[in-house]
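Undergrad: The following block contains the structure, expressed as C-alpha cells.
The values are calculated or read from the model by the stated rules, or taken from the named source; none is laboratory data. Quantities reported herein were computed from a predicted structural model and do not represent experimental measurements. Please note: Cβ atoms are built from the backbone with ideal geometry, for glycine as well, and neighbour counts cover all protein chains shown. SASA here: full protein model, heavy atoms, side chains in, ligands and nucleic acids out. Shrake-Rupley method; radii C 1.70, N 1.55, O 1.52, S 1.80 Å.
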Amino acid sequence: MYATVHAIADTPGPQDISWVDAVLAALRARAVPAGALVAAPMDLGPGTVVALWDDEADAAAAPSGPAGPVTLGPGRRYQVDLRKAGAGPGPARYLQLLTFDGPRDAAWSAAYDWAGEERIWPAARDCAGVVEVLGGRTADGGRVNAVAAASVEALEDVARAILSTPLLPGEDPAQLTGPDAMAIQRLLHADLPVGADR
C-alpha cells in the first residue's frame with residue numbers, strides 16, 4: 001500500500017466544508033483510493049489530505065490542481081510500512097501529521113524503526129482516543145506519521161506517554177531527532193481500510 005500526502009490551499013472558513021466532496025472527487029478522477037483522511041486547518045494554514053492507494057502506479061498518478069473551490073497540492077508519495085489500530089473505537093475527529101524529511105541514512109532509519117516498535121508504540125497503543133496510526137517511507141528514507149484520534153486531548157495523552165518512556169538500552173539520543181514539521185488538524189473525512197494491526 002502507498003500513501004500520498006497533499007496540502008490543500010484556499011480552504012474556506014470552518015463553516016463551509018462542501019469542498020471535502022470536491023477533494024474526494026478529484027482523488028477518484030484517475031483511480032479509486034483505498035482510503036482517505038481529509039483535514040482542515042485549525043488556523044489559517046493549508047488543509048491536508050492523506051490518500052491511500054493499493055499500488056504504486058495509482059499513487060504516482062495521484063492528482064493535483066483545482067478541486068472545486070480549493071487547490072490540491074502535489075502529493076508526496078510514501079510506501080506504507082506501518083498501520084496500527086489504537087484503543088479508541090472512533091470516530092476519528094483530529095489528525096496529527098509528523099514529517100521527517102529525507103534523505104535519512106540507514107542508521108537513522110534503523111533507530112526510528114526500533115524506537116517506534118519497541119518503545120513508542122507500546123507506550124501509545126493503549127491511550128484512549130487513538131483510532132489508528134499510519135506510517136510511511138520515501139525512497140530516500142524520509143518518513144511520515146499520521147495519527148487519527150478522537151480528540152486533541154488524546155493526542156496530548158500520547159505525547160505525554162511517549163515522552164515519559166525511558167530510552168531502550170543502546171538507544172542513541174543523537175539519532176532521535178524530532179520531526180521537520182508537525183500539524184494537528186480537524187478531520188472532516190476519515191475512511192481507512194480494514195486491516196490495521198494492534
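Undergrad: State which residue pairs qualify: first residue touching a residue at least 12 places away in the same chain (Cβ under 8 Å) and among the charged types (D, E, K, R) and inside region 155-183, second residue open to solvent by 50 Å² or more (accessible area, probe 1.4 Å) and in a loop (DSSP other than H, G, I, E, B) in any location, beta carbons under 7 Å apart, and separation of 6 or more residues or different chains.
TA: D180/D101
For (1) hydroxyl-bearing (S, T, Y); (2) touching a Phe, Trp or Tyr at 6+ places or on another chain (Cβ under 6 Å), each residue gets a yes or a no:
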position	(1), (2)
D10	no, no
D21	no, no
V38	no, no
T48	yes, no
A60	no, no
V70	no, yes
G88	no, no
Y94	yes, no
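Table: residues versus (1) open to solvent by 30 Å² or more (accessible area, probe 1.4 Å); (2) within 30 Å of A60 (Cβ to Cβ); (3) free of Cβ contacts under 8 Å to residues at least 40 places away in the same chain; (4) small (G, A, S).
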residue	(1), (2), (3), (4)
D113	yes, yes, yes, no
A124	no, no, yes, yes
A128	yes, no, no, yes
E132	no, yes, no, no
G135	no, yes, no, yes
T138	no, yes, no, no
A146	no, yes, no, yes
A149	no, yes, no, yes
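Undergrad: Hey, can you tell me all the residues within region 20-65 that are under 14 Å from A146 (Cα atoms) and either free of Cβ contacts under 8 Å to residues at least 40 places away in the same chain or aliphatic (A, V, I, L, M) (or both)?
TA: A36, L37, V38, A39, V49, V50, A51, L52
Undergrad: Please go through region 157-170 and give me each residue that is of a type outside the set (V, I, T) and either surrounded by 15 or more Cβ atoms within 10 Å (Cβ to Cβ) or part of a loop (DSSP other than H, G, I, E, B) (or both), ordered by number.
TA: D157, A161, S164, P166, L167, L168, P169, G170
Undergrad: With out of contact with any strand residue (DSSP E or B) (no Cβ under 9 Å at 6 or more places or on another chain), at positive phi and not hydrophobic (A, V, I, L, M, F, W, C) as the only criterion, which of G13, G68, G90 stands out?
TA: G68
Undergrad: Please work out if Y94 is open to solvent by 20 Å² or more (accessible area, probe 1.4 Å), within 21 Å of A190 (Cα to Cα) and not acidic (D, E). Talk me through it step by step, then tell me what you get.
TA: Working: open to solvent by 20 Å² or more (accessible area, probe 1.4 Å): yes; within 21 Å of A190 (Cα to Cα): yes; not acidic (D, E): yes.
Yes: the conditions hold for Y94.
Undergrad: Name the single residue that is least open to solvent (accessible area, probe 1.4 Å) among those in region 1-19 being in a loop (DSSP other than H, G, I, E, B), of a type in the set (S, T, N, Q) and touching a residue at least 12 places away in the same chain (Cβ under 8 Å).
TA: Going through region 1-19, the residues in a loop (DSSP other than H, G, I, E, B) turn out to be 1, 10-18.
If we keep only those that are of a type in the set (S, T, N, Q) as well, we get 11, 15, 18.
Okay, now just the ones that are also touching a residue at least 12 places away in the same chain (Cβ under 8 Å), so 11, 18.
Values: T11: 33, S18: 76 Å².
Here the answer is T11.
Undergrad: Now for a different question. Test each condition in (1) over 16 Å from the mean Cα position of the chain (by Cα); (2) over 25 Å from D21 (Cα atoms); (3) at pLDDT below 95; (4) not hydroxyl-bearing (S, T, Y) for L44 and report the one that comes out false.
TA: Exception for L44: condition (2).
Undergrad: Filter region 36-65 for residues that are open to solvent by 30 Å² or more (accessible area, probe 1.4 Å), in contact with a strand residue (DSSP E or B) (Cβ under 8 Å, 6 or more places away or on another chain) and either over 17 Å from P193 (Cα atoms) or hydrophobic (A, V, I, L, M, F, W, C) (or both) and give the result.
TA: M42, P46, A60, S64, listed by residue number.
Undergrad: Go through region 172-198 residue by residue and tally those that are in a loop (DSSP other than H, G, I, E, B) and modelled with pLDDT under 95. So that I can check it myself, show each step before the final result.
TA: The first filter runs over region 172-198 and keeps only residues in a loop (DSSP other than H, G, I, E, B), leaving 172, 176-180, 192-196, 198.
Retained after the next criterion (residues that are modelled with pLDDT under 95): 172, 176-178, 192-196, 198.
The total comes to 10.
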